[in-house]
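Step one of this worksheet: look at the structure below.
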Amino acid sequence: MIKHYDYGQAQTNGVLRGMALERGLSEQELDASPGEYEDRLQAITEQWYQNGMGAAAKSMGQ
């Protein structure tokens, strides 16, 4: 059972890492410490969120 969880977690991490790389983050940014994330990467993810919200609003005709 534990191996099943570990394999699923590894697969999820791989998918998330692949999507982040596809969206333009570098390997260095992905391997940043939590403090570096808060300082630099959080602004990037906030922009992605706002872009997604804008696209959703357009799709709904607002």
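Key figures for this structure:
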item	result
Given charges at beta-carbon only (K, R positive; D, E negative), |dipole| of the chain in Debye	360
Acute angle (nearest 10 degrees) that the helix 42-59 long axis makes with the longest principal axis of the chain, alpha-carbon atoms	50
Rg/Rg_globular for the chain, with Rg_globular taken as 2.2 N^0.38 Å and Rg from C-alpha atoms	1.45
Cβ-based charge dipole, the chain, positive-most Cα from Q50, N13, M60	M60
Accessible area expressed per residue, the chain, with surrounding protein chains retained (probe 1.4 Å, Å²)	85
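The values are calculated or read from the model by the stated rules, or taken from the named source; none is laboratory data. What you see is a predicted model; the values in this text were computed from it and never measured. So basically every Cβ, Gly included, is an ideal-geometry build from the backbone, and we count neighbours across all protein chains shown. Note: accessible area is taken over every heavy atom of the protein model, side chains too, but ligands, DNA and RNA are not part of it. Shrake-Rupley method; radii C 1.70, N 1.55, O 1.52, S 1.80 Å.
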